[in-house]
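These notes concern the structure reproduced below.
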Amino acid sequence: MSDTSSSPRACPNCNANAATPLPQYSRDEWRIVECKSCTMVYLQNPIDYVALEEDYAWEKTYAELDKERNRKKSWIKRAARQVRILNYRMKRDANERFLKILGPGNILDIGCGDVVRCQTPFVPYGIEISKAMQKTADEKMRALGGECVLGAGAEAIWDFPKDKFDSIMMHSYLEHEVQVAKILDGAMHCLKPGGKIYVRVPNYNALNRRISGPNWPGFRYPDHVNYFTVKTLKAVAANAGFDFKLVNRHKIWLDDNILALFTKPTTL
Ligand SMILES: [Zn+2]
């Protein structure tokens, strides 16, 4: 559970403590705030990693949230959701798409869940905090020459050797990570020079958030601890020494997600 006795979390981008509460987006005991220095929006009182591994395992939290959301939704919205799921499953070109962007080689998928997102000619590695999902992912990744380790991303990434990976996948991950600077420093360490991180996070500046307000699907309590805009995502990348490129630039104001590439400079 949340540790209310400890001091509030500092801004994950600029480390400042002064923040404006956003009560319209806060729920129960979970406090969403906006940094007064850099405008980063974040959860000020996240739960700790031990609780995440046990009480708040992702699969349980998602299942509960899904149930709650489905009750609130009309049948039209439920049908639309089923179509989206079907669409996703029919996408057989995802591996090709990632291959074009990232190139082959060792890839580390942080917070991979129980799926292998990138397959041959990638050699897939993963870090997963949920014990049940890590076990499944590890079996699948070992069959393809890689492995999935159990742990919190920002801790476990430091166990990999320097320059181990050709690319890193942070797909629906960075919004969960309390230690943003630590995971990006770890990525800088184990990524080869010129290597890229593919980042997908909810887009706090999306039109849908302005329309839907607290019902915007990007809000998940207490799972999502960082609510990035292009500006703040670019800032955390720059802080860690990465070059930043926005992938979905042309329709970013409409998109509920930000897709970006962080590149490790070759001069390092
Ligand atoms: Zn800040």
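The table below gives the values:
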| read-out | value |
| --- | --- |
| Residue order, fewest to most surrounding Cβ atoms within 10 angstrom, among Lys264, Lys192 | Lys192, Lys264 |
| For the stretch 109-199, the spread of Cα positions along each principal axis, largest first, Å | 29, 27, 21 |
| Footprinting exposure proxy for Thr266, Thr136, Thr120 (fewest neighbouring C-beta atoms within 10 Å first) | Thr266, Thr120, Thr136 |
| Surrounding net charge for Asn13, when Lys and Arg each add one and Asp and Glu each subtract one, Cβ distance under 15 Å | +1 |
| Global form of the stretch 147-228, assessed from the alpha-carbon gyration tensor, a/c cut-off 1.5 | prolate |
| Flagged links, alpha-carbon separation over 29 Å, of Lys77/Lys135; Lys67/Lys251; Lys131/Lys182; Lys100/Lys162; Lys100/Lys131 | Lys77/Lys135; Lys67/Lys251; Lys100/Lys131 |
| Kirkwood hydrodynamic radius of the stretch 39-263, Cα pairs, Å | 18.2 Å |
| Orphan Cys of the chain, criterion: no other Cys C-beta under 4.7 Å | Cys112, Cys118, Cys148, Cys190 |
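Here, each number is a calculation from the coordinates, and none is a lab measurement. Note that this is a predicted model, so its numbers are computed, not measured. Cβ: placed from backbone, ideal geometry, glycine included. Neighbour counts: every protein chain shown.
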